[in-house]
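Before any comments, here is the structure.
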């Protein structure tokens, strides 16, 4: 808890924002939170990383399909077979 109090004092005096990377500043802000809130933030970060990994695996497995679809769309656009998005509203 003492660390949180020291960090709180630094935050209130503007000392944290003067130096360090944005990541260091975010970590400093998390340190002052109660432990249950820190755990909740950590859980959200881990879930986000897992979701990102799932997307990478999904797209990695379908890379050839995505490339083929992109070529088709570009070809259709070159032939004038597409409409601007603004025209679809």
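The table below lists the values:
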| read-out | value |
| --- | --- |
| Cα→Cβ-extended label distance, 7 Å offset, between residue 56 and residue 83, nm | 3.9 |
| Full-stretch length increase - residue 49, residue 76 - with 0.36 nm per residue and alpha-carbon distance subtracted | 6.1 nm |
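All of the numbers you see were taken from the coordinates with simple rules; none came from a lab. For clarity, every value in this text was computed on a predicted model and none was experimentally measured. Neighbour counts are summed over all protein chains in view; Cβ atoms, including those assigned to glycine, are modelled from backbone coordinates with ideal geometry.
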